[in-house]
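Here's the structure we're looking at; comments come further down.
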Amino acid sequence: MNKTKRFCAIALAAMMAVTAFAGCGGSSGGSSSTAGGSASTAAGGDSSTAATTATADGAAPAALDTSNGDPLNGEGANGTIKLKVWGPDAAQEILKTQCADFANEVKDYGTVEVEVVPQGEADSATQVLTDAETAADVFGFACDNLNKLVKTDSLLQVAGPNKDFVVASNSPESVSAATVGDTIYAYPETGDNSYILVYDKTVVSADQAKTLEGTLAACKAANKQFVMDAGNGYYSCLFMFTGGLKIDGLEEDGVTQKFTEYDEDKMVKTMMAFHTLFTGEYKDTLLNGESTKVVDGFKSGTVGAGIDGSWNFASAKEALGENAGFAVLPTINVDGTDTPIINMFGYKLLGVNSRTKYPATSIALAKYLSGEKCQDERAKELNWGPSNAVVSQSDTVKNDEALSAVLAQSANSVAQVSVSDTFWSPMGTFGNKIVDADNPLDEAACKDLIKQTISNIRDE
């Protein structure tokens, strides 16, 4: 295409973008990354982009496919594009570098400046819902927040070639976590939003780490503590999940938590197995506290093992060096049978704010940041487990004990999708009671506690 025709195509695309998104406020800010360097198309080699427009009546955005060869869809024709990206504290430096790389990739189509701002995935959805107009154009969030973002029309849909890219590039589970109904609303960013057993190899052997009983015994023998945040529903749900309970989405009201049926006798026996361990022989070994106490305890020499999340793997390695051990959650003996501990497993997603002033560029950036190259870089530098199918099978993951363990844990897990806001607090209260040595439970009391907790979660 000659320069005149190319300019006309970009100008037409820009006019269409302005018309389609009239009334949508921008969420741009200052810059920390500026375009420069060589040119190529961005977003995983697919120069097509898909955008969506938020309708005036609040209906779900409708997909708008364009394929004029410009990943920015002409948005760079009228001056500098300024975007804002939210990411957690630990990822600030690498995100700045990756956003600069993106700007470099698309410099032939426009100058892009990206401001990278600290904002944790757990709280980003709430911040978007509080003030979408000033929120980031692209933001990471935990997958259990997807429904509320979709219900409020806060996300641009992933459509056309971008949908094909997401499906082809990522694990089916991560794609499912980014999907509501038949529509994909976000770009999978990680496949590791979960927790495993982290231990000091000088205290706990690899064989002992296979069972909860062995891990606790090793910690007690070394006069070290075992850390679990039993008062946090995110962690304590493993008690009931191990007993056979599963969440099953939300009721038709979109609020009330649904659960699968469970074997009451098995559930009670499992809860009593946990209760007996943590309130009996190992009551002084358990440290019921925030997961940050795992790494803190490694540093001070007071902790031998604990349950911790993928976001702290790098810190654990720093604290213990070559003695940092990582394993899938251990088994617990329930009525004579070693039973795998089942946890909650989620995915981190990248969403595009439906009110962004630059929808096409924001989509291209989200696609780029969720691509193979960026996921591989974050796996190497941050120990983030990938959702990308290629990176998941790479030497980066295979040779990393922590990443291998957290990805293996997904086989014994319940997906962290469609979780009611009422789930966390009652489940945390339940966890505290399971490990409370001052209030021992018998089977009848345990049965009542299970029923009451589920009822409280369902707000019945």
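The values are calculated or read from the model by the stated rules, or taken from the named source; none is laboratory data. Small disclaimer: the values here were computed from a predicted structure and weren't measured. We place every Cβ from the backbone using ideal geometry, glycine too, and count neighbours over all the protein chains shown.
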Any hit, the range 422-435, residues being among the hydroxyl-bearing types (Ser, Thr, Tyr) and under 22 Å from the mean Cα position of the chain (by Cα): yes
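Quick grid of which residues meet (1) free of Cβ contacts under 8 Å to residues at least 40 places away in the same chain; (2) within 18 Å of GLN452 (Cβ to Cβ):
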residue: TYR195; (1), (2): no, no
residue: LEU212; (1), (2): no, no
residue: CYS219; (1), (2): no, no
residue: TYR234; (1), (2): no, no
residue: CYS237; (1), (2): no, yes
residue: GLU252; (1), (2): yes, no
residue: PHE259; (1), (2): no, yes
residue: THR270; (1), (2): no, yes
Identify, please: which residue in the range 204-215 is surrounded by fewer than 22 Cβ atoms within 10 Å (Cβ to Cβ) and of a type outside the set (S, T, N, Q) and is, among those, nearest to SER315 (Cα to Cα)? ALA206
Need at least 1 residues that are under 30 Å from LEU286 (Cα atoms) and basic (Lys, Arg) per element, so show me which helices (runs of 4 or more DSSP H) inside the range 364-460 make the cut, counting only ones lying wholly within it. 424-434, 443-457
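When you scan the range 286-345 for strands (runs of 3 or more DSSP E) that lie fully inside it, which ones turn up with 2 or more residues that are of a type in the set (S, T, N, Q) and in contact (Cβ under 8 Å) with a residue 60 or more places away in the chain?
Working: elements: 286-288, 303-309, 324-327, 331-334, 337-340, 343-345.
Hits in the range 286-345: 331-334.
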Starting from residues that are within 28 Å of LEU250 (Cβ to Cβ) and touching a Leu at 6+ places or on another chain (Cβ under 7 Å), keep the ones in the range 89-138 and report whichever is surrounded by the fewest Cβ atoms within 10 Å (Cβ to Cβ). ALA125
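If you go through the range 170-180, how many residues are buried (at least 24 other Cβ atoms within 10 Å of the Cβ), polar (S, T, N, Q) and touching a Leu at 6+ places or on another chain (Cβ under 9 Å)?
Residues flagged as buried (at least 24 other Cβ atoms within 10 Å of the Cβ), polar (S, T, N, Q) and touching a Leu at 6+ places or on another chain (Cβ under 9 Å) within the range 170-180 amount to 1.
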Are any of the residues in the range 160-169 crowded, with 17+ Cβ neighbours inside 10 Å, not in a helix (DSSP H, G or I) and not assigned by TED's automatic domain parsing to the domain that holds THR215? no
Which condition number does LEU245 fail, the rest of (1) of a type outside the set (Lys, Arg); (2) under 23 Å from the mean Cα position of the chain (by Cα); (3) in a loop (DSSP other than H, G, I, E, B); (4) at pLDDT below 95 being met? (4)
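Considering only the range 77-88, state which residues are buried (at least 24 other Cβ atoms within 10 Å of the Cβ) and farther than 14 Å from ILE363 by Cβ.
LYS84, TRP86, GLY87
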